[in-house]
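Written out below as structure tokens is the structure these notes cover.
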Amino acid sequence: MTNADFRQLWLCFGQAAAQNKEELNRLDAAIGDADHGTNMDRGMQKVAEQLTSSPPPTLQAACKMVAMTLLSTVGGASGALWGSGLLAASKVFPDMDSCDDKTLAAALQAFVSSIQQRGKAVAGDKTMLDVFLPATAELSQEVDHAPAASVIPPIAAKAKLWAEGTAPLLAKRGRAAYLGPRSIGHIDPGATSSALWWDCLGQVMGASK
Amino acid sequence: MTGLLLVSHSRKLVDGLADLTRELSGPSVPIATAGGEDALGVTAAMVAESISSLLSQGVSGILIFGDVGSAFISAETAIELAASSKPVQIVDAPLVEGAIAAAMTLSTGASMDEARQAGEEAYTIRKQ
């Protein structure tokens, strides 16, 4: 992944967050406080603005910049989780213009581990990890045998299904957990925005072939 | 002296609690607040800023009390961001009763650990 790919990924996610703002708010209204779309959109627009006006010189710097921007602009668990995850990932990315596929997989693994540690959620708790855990597990496994440019797009294509797969789950973490069994039947908004991110990663890495 | 940091999604909630706590513990205990700045909600950056502000007042440690859910995830992230050499701890306590119990304990000259314990024990004090 190059620094330009990384920038493109977040610009794509910014557009996706803007286009899906109402849908994410609608999903959050069912099991949370109806602001997930507004929050993510606000953060991503700030990220896009920063990446365009003062593009960081290296992958590490860019990742850290996105992390700090989300920590200060996105309230609630999403901002803290995305922010901590990206801070952890920035420590894996090199202070250079690009990284190899294994480093990208390791950075994503660090992102997920940090979110697991902070949010104390496991697979099946109806959270963003229900997309990120299977996706990064597949990536780590397959990146040994094939280039990320061909491995990531098919994983990204499954992300939406993983997000939709949160519907029958009982929420165990976050505000939705207060609803107990009443959280069943609703797709998790955090998993949905995570699927949008994977869709962007799939597009960017697919085009980097 | 150990300082207290009260974190809530609501500015009114922590401002009111800070007033009440200061009234009960006296002016000797440094108390800061975080959250609910523009609208309801907490970011990790808000909590990190309040941690820095307490540290710059020369506190020897910080006990954090929060309201619900993401206040704690934000506080944990903020502790990591602040990377303080002084101890900064989140207390597992009811926000109002815990903050008051810890502040009153600190005002008697007790240690950070004693204040933390007083905060945690506030869960066991029944109202009826």
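The values are calculated or read from the model by the stated rules, or taken from the named source; none is laboratory data. All values reported here derive from a predicted model rather than from experimental measurement. Ideal geometry is used to build each Cβ from the backbone, glycine not excepted, and the neighbour counts take in all protein chains shown.
When you scan the range B:36-51, do you find a residue that is over 23 Å from A:LEU81 (Cβ atoms) and buried (at least 17 other Cβ atoms within 10 Å of the Cβ), even just one? Give the derivation first.
Just the residues of the range B:36-51 that are over 23 Å from A:LEU81 (Cβ atoms), to begin with: none.
No, that holds for no residue.
Just the residues that are in contact with a Lys or Arg (Cβ under 9 Å, 6 or more places away or on another chain) and on the phi > 0 side of the Ramachandran plot, please, taken from the range B:34-60.
B:GLY35, B:GLY36
Select, from A:ASP97, A:ASP33, the only residue that is touching a strand residue (DSSP E or B) at 6+ places or on another chain (Cβ under 8 Å), in contact (Cβ under 8 Å) with a residue 40 or more places away in the chain and surrounded by fewer than 24 Cβ atoms within 10 Å (Cβ to Cβ).
Numbers: A:ASP33 fails: touching a strand residue (DSSP E or B) at 6+ places or on another chain (Cβ under 8 Å).
None of the others qualify; the one that does is A:ASP97.
Taking only the range A:66-115 into account, find how many residues are more than 12 Å from chain B (Cβ to nearest Cβ) and assigned to a helix (DSSP H, G or I).
Looking only at that region, the number is 17.
Under 9 Å by Cβ, and 6 or more places apart or on different chains, what pairs join a residue from the range A:171-192 that is within 13 Å of chain B (Cβ to nearest Cβ) with one that is among the aromatic types (Phe, Trp, Tyr)?
A:ALA171/A:TYR178
Quick check on B:ALA102: is it under 21 Å from B:ASP15 (Cα atoms), touching an Asp or Glu at 6+ places or on another chain (Cβ under 6 Å), of a type outside the set (Asp, Glu) and more than 14 Å from chain A (Cβ to nearest Cβ)?
No, not satisfied.
Applying the selection to the range B:1-24, what residues are of a type in the set (S, T, N, Q) and either modelled with pLDDT under 95 or out of contact with any helix residue (DSSP H, G or I) (no Cβ under 6 Å at 6 or more places or on another chain) (or both)?
Answer for the range B:1-24, where residues must be of a type in the set (S, T, N, Q) and either modelled with pLDDT under 95 or out of contact with any helix residue (DSSP H, G or I) (no Cβ under 6 Å at 6 or more places or on another chain) (or both): just B:SER10.
Answer yes or no as to whether B:ALA44 is among the aliphatic types (A, V, I, L, M) and within 14 Å of chain A (Cβ to nearest Cβ).
So B:ALA44 fits the description; yes.
Please specify each residue of the range A:105-150 satisfying the condition of being buried (at least 18 other Cβ atoms within 10 Å of the Cβ) and basic (Lys, Arg).
If the condition is that a residue be buried (at least 18 other Cβ atoms within 10 Å of the Cβ) and basic (Lys, Arg), then A:ARG118, A:LYS126 are the ones that fit.
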